[in-house]
Every structure is written in C-alpha cells, then in structure tokens.
Amino acid sequence: MASVQKASIAEGKKKKSLSVWWGKEMHKLKKSKFLMLLMIPGLVYFIIFHYIPIGGLIIAFKNYKPGIGMFASPWMSDFGFGHFTRFLSTPDMWKYVWNTIALSLLHIVWLFPFSILLALFINELRSVHFKKVVQTISYLPHFVSVAAIAGMLTLFLSSQGTAVSAGNYANEGILNQILLKLHLIPEGISFLDKTQYFRTIYIASDIWQSIGWSAIVYIAALSGIDQELYEAATIDGATRVQKMWHISVQLIKPTIVILLVMQVGKIMSLGSDKALLLQRPVTYPKSQILSTYVYNMGIGKGQFDYAAAVGLFNSIINVLLVILANMTSKKLTETSLW
C-alpha cells in the first residue's frame, strides 16, 4: 500500500514538474512571439529547398525514367546500389576525389589563416574610419559573381603566344604584357591552358574574393574582447604582437575551432561553378572535381539517377568528415559544435 502511495506521489510530482516546464516554455514563446515570426522565412526556405528535395534522393537507387516518374521507375541492381557500384568502379574516380580534396585543403591552408590575420590587422587599426574603409574594400569582391571573376581571369591571363622579339603585346593578357615587357618570359603564356597553373589560379582568385568576407566573423569576435585586457597588457610592457597572440588569438580560439570544423565538413562539397568556368579540356587532370563530374553526368549527359548517387556519396563523406573533425576538436581543445 505504501509503495502504491509513493508511486502515485512520484507520478504527481512528475506531472506537476512537466506542467511547470510547459508553462515556462509557453511563456517564453509568448514573450518572444515577434522574434519567432522572423524565423518563419528562414524555416520556409530550408523546408522548401533543403528538406523536401531529400525525397528526390530515391532516384539514386533507381533506374530513373523521367517519363514514368521517380516512384514508378524500377530499382537498380545490387539491391539498389548499382549506381554506387558503377561510380566506385570508374577508373578516374579517385582522381576526381583527390582533385576535390586537394583544392579544398589548399583553400583551408591558405584562406583560413589569411582571413584570421586580416581580422587581427584590421582590429589593430587605430582610426575607426580607416578601419571601416579597409573592411569594406576587403569584402566587396565577395559580391562579384563567379562568372565575372572568370571573365576577369581570362582577360588577365590570356595569351596569343607573342614572343618578346615581336614587341607588340596589345593582344596579350595584362599579366603577359607585364612579364613580356620586363623580359621575364620569352613569349606569352596561356596560363588557363596549363594544367600546372590551374590550382594556383583557382586558390589565388578564391583568396581575393573571399578573404574579407571570411574575416567578418573574426572581426565580430574580436570586437567583443574587453579593452581593459589590452590596457593591462600594455602596462605590463607587452608589444602589439604579443597582445595579438596572447589576448586576441586566445580569446577567439573557440570561434576559430568551430569554423575550422565547419570548413573540414565542406572538403568534399567544393562548388562546380568556378571550376567549370576556368577548366579547359587540357586541364581536366587537375580541374575535374566531383561537383563538375556530377554536373557533366547529370546536366550534360542526362544521367540524373547516376549523378544523384554520386552527389549522395559525396554528402555522406562530408557528414563523416564533420563528425570526425568535431570529435577530434572536442578531444584536443574541448570546443566543438555539439
């Protein structure tokens, strides 16, 4: 009898605590109802463009026939994994994977530290007006379209093969004109048609376009640091470099780690737009990445089911990389996404 009473009392306390929790949560929702309304456009965007399309991944496991639809199309062989088997048996599969990883790693190695350095240097500027001007100029290239950047690179790096002895460099790209006039090269070089220059051109243009935009997060984190810490360090005789390293870098380290984890998760999801615009048939050994391969197979050859399978394979690797990077970060720095 006593055990029954205890159980009923515990059940009553549980219901009471649940009702109290529910009441508090409803009060929070009512208090911030207008903030909740601001979330609706973002939620609608993600539902329409990110969650509903997940259903279309079924074609990755089917022999998709557009005429009869994705649900009526027959399943692929190998228990639906026929497209994945085909991709994994493609002779150049590992080349596409390596090209993707190489470009992504170069992007992280160069852009990631440069954006942090830019944020630190901007934070050290004394003039507030000049600081705003530098920051604005640095992130303006982010708003230039990739097509426009590809056109600019073509204009700068093109060549007609003019020799130094010819003397007339008007038809050469800007870079070739400079190099020829300085007699640094014997004749014009078509940089975009050279396989060995593709990655350098891609990463250099990426740094120019994205470094300012990538630094915004770090600048925001630096602006939240208590200025008294810098004043105390100055009194103790610390130099500006020492203050940057021991105060600025240390206090934005959690931000750096989280953004690095997110960047690692994007290693396999390199966009196809710039690579497609810059690549030439002769540069395929370095410029053909997974996203361009998916585009060529899906849009170019109409093999939507196979392209969906390759894209899904790519996404699964990205998820695994995020999990691995998060676990490593949590173990080494005690900072993580979750």
Between region 34-78 and region 281-337, the Cα center-to-center distance that results, in Å: 18 Å
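Taking the Cα centre of region 182-329 as origin and charging only Cβ (+1 Lys, Arg; -1 Asp, Glu), how large is the dipole, in debye to the nearest 20? Let's see the in-between values first.
Values: 10 positive and 9 negative charges, 94 e Å.
Roughly 460 debye for region 182-329.
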Around E228, with a cut-off of 14 angstrom between Cβ atoms, what is the net charge of the other residues, counting Lys and Arg +1 and Asp and Glu -1? -2
Please list, ordered by chain and number, the residues whose modelled amide H lies under 5 Å from the amide H of G188; skip anything fewer than 5 residues away on the same chain. G161, T162, A163
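Tell me the volume per residue, in Å³, of the convex hull enclosing the alpha carbons of region 81-218. Each step should come with its number before you reach the end.
Numbers: hull volume 24.0 nm³, N = 138.
Per-residue hull volume (Cα only) is 174 Å³.
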Using alpha carbons only, how many angstrom separate the centre of region 210-230 from the centre of region 102-158? 15 Å
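Which order do R199, R240 take by accessible area at a 1.4 Å probe, largest first? If you can, show how the numbers build up before the last one.
Values: R199 50, R240 105 Å².
Largest accessible area first, the list is R240, R199.
What does the charge count near L103 come to, summing +1 for each Lys or Arg and -1 for each Asp or Glu among other residues with Cβ under 15 Å from its Cβ? It would help to have the intermediate numbers written out before the result.
Values: positive: K95, R199, K266, K274, K286; negative: D206, D273.
Here the count lands on +3.
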Run the 1.4 Å probe and let me know the accessible area of V144, rounded to the nearest 10 Å². 50 Å²
List every residue whose amide H lies under 5 Å from the amide H of S73, counting only residues 5 or more places away in sequence or on a different chain, with H placed 1.01 Å from N in the peptide plane. K65
Report, by chain and number, residues whose modeled amide H sits under 5 Å from the one on K62, excluding near sequence neighbours (fewer than 5 apart, same chain). M76
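With n ≥ 4 as the cut-off for DSSP H runs, can you work out [θ] at 222 nm for the chain, using -39500 (n - 2.57) per run divided by the number of residues, rounded to the nearest 500? Write out the running numbers ahead of the final one.
Details: 15 runs with 212 residues, N = 338.
Helix contribution divided over all residues of the chain: -20500 deg cm²/dmol.
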With every protein chain in place, the accessible area of E187 for a 1.4 Å probe, in Å² rounded to the nearest 10, comes to 90 Å²
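Beyond 12 Å, what share of the Cα-Cα pairs of region 283-330 remains, rounded to the nearest whole percent? Can you show the working numbers first?
Working: 751 of 1128 pairs.
Here the tail beyond 12 Å accounts for 67 percent of pairs.
Take the cross-link list K274/K301; K33/K132; K33/K266; K266/K286; K194/K274; K24/K253 and give me the ones stretching past 25 Å between alpha-carbons. Intermediate results must be reported in sequence, preceding the final value.
Numbers: K274/K301 20 Å; K33/K132 35 Å; K33/K266 34 Å; K266/K286 19 Å; K194/K274 16 Å; K24/K253 35 Å.
Among K274/K301; K33/K132; K33/K266; K266/K286; K194/K274; K24/K253, the Cα-Cα distance tops 25 Å for K33/K132; K33/K266; K24/K253.
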GNM result for the chain, Cα springs below 10 Å: residue of A232, A119, A150 fluctuating most strongly: A232
With log10 I(q)/I(0) by the Debye sum over Cα atoms at q = 0.10, 0.11, 0.14 Å⁻¹ in mind, check [x] -0.54, -0.67, -1.15; [y] -0.90, -1.03, -1.27; [z] -0.73, -0.86, -1.21 and report the label derived from this structure. [y]
Integer Hz, Karplus 6.51/-1.76/1.60 couplings in order for region 275-288, x for Gly and Pro: 4, 5, 6, 9, 6, 10, x, 6, 9, 3, x, 10, 9, 7
List, in order, the whole-Hz ³J(HN,Hα) value for each residue of region 219-229 obtained from phi through the Karplus relation with A = 6.51, B = -1.76, C = 1.60 and θ = phi - 60°; use x for Gly and Pro. 5, 5, 5, 5, 5, x, 7, 5, 5, 5, 5
Using the Cβ atoms and a cut-off under 14 Å, what net charge is assigned to the surroundings of K62, where Lys and Arg are +1 and Asp and Glu are -1? 0
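The values are calculated or read from the model by the stated rules, or taken from the named source; none is laboratory data. Just so you know, these numbers come straight off a predicted model, no measurement behind them. Don't worry about glycine lacking a Cβ; one is built from the backbone with ideal geometry, like all the others, and counts go over all protein chains shown. Accessible surface areas use protein heavy atoms only, side chains included; no ligands, DNA or RNA. Shrake-Rupley method; radii C 1.70, N 1.55, O 1.52, S 1.80 Å.
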